[in-house]
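Trainee: Below is a structure I'd like to ask you about.
The values are calculated or read from the model by the stated rules, or taken from the named source; none is laboratory data. What you are looking at is a predicted structure, and each value in this text was computed from that prediction instead of being measured. Here the Cβ positions follow ideal geometry from the backbone for every residue, glycine too, while neighbour counts run over all protein chains shown. Heads up: the accessible areas ignore ligands, DNA and RNA and are worked out on the full protein's heavy atoms, side chains in. Shrake-Rupley method; radii C 1.70, N 1.55, O 1.52, S 1.80 Å.
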Amino acid sequence: MEIPLPGPPFAERATYILTALSVDARSVKGMVEAGENSSCPGAGSEAEQHAVGVQAYYARNAEQLGKRYGRVYFDEVHGGVADLLPPPPARALDVGAGTGRDAHALARRGYDVVAVEPVRELRDVAQELNPHERVRWVQDALPDLGRLEGAFDLVLLSAVWMHLPPAERRPAMRRLAELLAPGGLLAISLRRGEPPADRVMFDVPAQEAAGDGQRAGLELIRVVEESTDRLGRSEVWWQSVALRKGQQ
């Protein structure tokens, strides 16, 4: 069932797509800006403390997370936006690529993939479990992504956005918009519900992410509601947001 999205009209009508797709929260990659609530001696700002705690969490759990993420397939996680993906061959950017499940899946489909992951331990696991000659790994992180140059036909963020502190989201969205090629697609998945106690996480609604995208000059194409969590947690649900850059 499609429900018209409230708000101003768009060239391509944005819709809420209500699906029966399910997403396994543990299967979605360990990302750039999630971590334990911890103080980090020597860090000069709250954002720096946040980033250090994030990376420490994933560094400690990299091997275990790699096994979890491999249990769920790309199509299960991103089925709600799969029909919007650009046809390969194309350039794809996987931000917060974790242990490489999505980067590997895209490469197998014929994309040339840049996989961004700041945590060395996750990159090591990725190259052991999910190696592919069409994937190039880069150590970098949101919101700056200073080591990257566009343009990408597809930018994918799977379970990343809700880990960004509020002050970093709009700058991060502007940077992602810069990296998109004309007509390029930005796909973002969001974990919704009460944040876990052991990691820094924020409950970011799709409307907020979509609004940030529109302010960055992107067009909202779709919001996907995914009602079922594969771990059976009634308090967790998922949304995906698809935005497109104009041709000009």
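Yes or no, residue by residue, for (1) touching an Asp or Glu at 6+ places or on another chain (Cβ under 9 Å); (2) part of a strand (DSSP E or B); (3) of a type in the set (Ser, Thr, Tyr):
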position	(1), (2), (3)
Asp144	no, no, no
Leu148	yes, no, no
Glu168	yes, no, no
Gly183	yes, yes, no
Ala187	no, yes, no
Ala197	no, no, no
Asp203	yes, no, no
Gly232	no, no, no
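Trainee: Determine, yes or no, whether Ala181 is among the small types (Gly, Ala, Ser) and surrounded by 16 or more Cβ atoms within 10 Å (Cβ to Cβ).
Mentor: Working: among the small types (Gly, Ala, Ser): yes; surrounded by 16 or more Cβ atoms within 10 Å (Cβ to Cβ): yes.
So Ala181 fits the description; yes.
Trainee: Can you name the residue in the range 88-103 that is modelled with pLDDT of 95 or more and either of a type in the set (Lys, Arg) or surrounded by fewer than 23 Cβ atoms within 10 Å (Cβ to Cβ) (or both) and, of all such residues, is farthest from Ala187 (Cα to Cα)?
Mentor: Pro89
Trainee: Let me ask something else. Considering the range 193-211 alone, what residues qualify as being under 27 Å from Ala92 (Cα atoms) and open to solvent by 10 Å² or more (accessible area, probe 1.4 Å)?
Mentor: Of everything in the range 193-211, those that are under 27 Å from Ala92 (Cα atoms) and open to solvent by 10 Å² or more (accessible area, probe 1.4 Å) turn out to be Met201, Phe202, Asp203, Pro205, Gln207, Glu208, Gly211.
Trainee: So Leu106 ticks every box in (1) out of contact with any Phe, Trp or Tyr (no Cβ under 9 Å at 6 or more places or on another chain); (2) open to solvent by less than 10 Å² (accessible area, probe 1.4 Å); (3) in a helix (DSSP H, G or I); (4) not β-branched (Val, Ile, Thr) but one. Which box is left unticked?
Mentor: Here Leu106 clears every test but (1).
Trainee: Let me ask something additional. Is it the case that Trp137 is modelled with pLDDT under 95 and within 22 Å of Tyr73 (Cα to Cα)?
Mentor: Values: modelled with pLDDT under 95: no; within 22 Å of Tyr73 (Cα to Cα): yes.
Judged against the criteria, Trp137 is not a match.
Trainee: Let me ask something else about it. Would you mind stating whether Ser158 is of a type in the set (Gly, Ala, Ser) and surrounded by fewer than 24 Cβ atoms within 10 Å (Cβ to Cβ)?
Mentor: Details: of a type in the set (Gly, Ala, Ser): yes; surrounded by fewer than 24 Cβ atoms within 10 Å (Cβ to Cβ): no.
No.
Trainee: Here is a follow-up. For the range 150-166, which positions are assigned to a loop (DSSP other than H, G, I, E, B) and within 15 Å of the chain's Cα centre (by Cα)? Talk me through it step by step, then tell me what you get.
Mentor: Step one: list which residues in the range 150-166 are assigned to a loop (DSSP other than H, G, I, E, B), which gives 150-151, 159-160, 164-165.
Result: Ala159, Val160, Leu164, Pro165.
Trainee: Taking the range 161-176 only, how many residues are open to solvent by 10 Å² or more (accessible area, probe 1.4 Å) and either of a type outside the set (Gly, Ala, Ser) or at pLDDT below 95 (or both)?
Mentor: Adding up the residues that qualify gives 8.
Trainee: Right, next: For the condition under 13 Å from the mean Cα position of the chain (by Cα), open to solvent by 10 Å² or more (accessible area, probe 1.4 Å) and hydrophobic (A, V, I, L, M, F, W, C), what is the one hit in Ala82, Ala141?
Mentor: Residue meeting the stated conditions: Ala141.
Trainee: So Gln127 passes all but one of these: (1) at pLDDT below 95; (2) out of contact with any Gly (no Cβ under 8 Å at 6 or more places or on another chain); (3) part of a helix (DSSP H, G or I). Which condition number does it fail?
Mentor: In the conditions (1) at pLDDT below 95; (2) out of contact with any Gly (no Cβ under 8 Å at 6 or more places or on another chain); (3) part of a helix (DSSP H, G or I), Gln127 misses (2) alone.
Trainee: I've got another one for you. Would you point out which residue out of Ala105, Ala151 is touching a helix residue (DSSP H, G or I) at 6+ places or on another chain (Cβ under 8 Å) and within 26 Å of Arg60 (Cα to Cα)?
Mentor: Sole residue among the options that is touching a helix residue (DSSP H, G or I) at 6+ places or on another chain (Cβ under 8 Å) and within 26 Å of Arg60 (Cα to Cα): Ala105.
Trainee: Just for the range 115-141: of the residues that are touching a strand residue (DSSP E or B) at 6+ places or on another chain (Cβ under 8 Å) and among the acidic types (Asp, Glu), which one is farthest from Tyr58 (Cα to Cα)?
Mentor: Asp140
Trainee: Working carefully through the options His132, His163, find the one that is closer than 23 Å to Gly80 by Cα, in contact with a Lys or Arg (Cβ under 9 Å, 6 or more places away or on another chain) and of a type outside the set (A, V, I, L, M, F, W, C).
Mentor: Only one candidate qualifies: His163.
Trainee: Take the range 194-213 and flag every residue that is within 25 Å of Leu84 (Cα to Cα) and either in contact with a strand residue (DSSP E or B) (Cβ under 6 Å, 6 or more places away or on another chain) or touching a residue at least 40 places away in the same chain (Cβ under 8 Å) (or both). Break it down into steps so the answer makes sense when it comes.
Mentor: Initially, the range 194-213 is screened for residues within 25 Å of Leu84 (Cα to Cα), giving 204-213.
Within the range 194-213, Val204, Ala206, Ala209, Ala210, Asp212, Gly213 qualify.
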